[in-house]
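The block underneath contains the structure these notes are about, expressed in structure tokens.
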Amino acid sequence: MAKSKTPAKRARNAEKARVRNKSYKSALKTGIKRFELSLTGDDVDASRDILLKATSLIDKSVSKGILHKNNAARKKSRLTKKLNSIVK
């Protein structure tokens, strides 16, 4: 543990950020899993709606600094490819 005030405060703030980021990451993963589960069904329109929600979660995670923008672009591209593969 930190001995002086400044490092102790940095440690407290880092812990708060870690917990906050963990919840955002969990919500993001849940949204992606929900989309992938929707692909197993027959309803393509529902899958599109869920893809939009997952894409929104990915974009929000970039703006919050959880994901790098290239990582997010890669995730969105892969999810869109999965949807397009079942549509065609």
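See the values below:
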| item | result |
| --- | --- |
| Whole-Hz couplings from phi, Karplus 6.51/-1.76/1.60, listed for the stretch 39-45; x for Gly and Pro | 5, 6, x, 9, 8, 6, 5 |
| Reach of Lys75 by Cα under 19 Å, taken over lysines that are not fewer than 8 positions away in the same chain | Lys22, Lys25, Lys29, Lys33, Lys53, Lys60, Lys64 |
| Label point at Lys60 placed 7 Å out along Cα→Cβ; residues across the stretch 10-25 whose backbone nitrogen lies under 15 Å | 20-25 |
| Label of the coordinate-derived value, Cα Rg over 2.2 N^0.38 Å, listed as (1) 2.67; (2) 1.45; (3) 1.05 | (2) |
| Helix 69-87 vs. the chain, principal-axis angle (Cα, 0 to 90°, nearest 10) | 20 |
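None of the figures in this text is laboratory data; all of them are computed from the coordinates on show. Since the structure is predicted, the reported quantities are computational estimates derived from the model, not experimental observations. Positions of Cβ are generated from backbone atoms using ideal geometry, with glycine treated the same way; all protein chains shown enter the neighbour counts.
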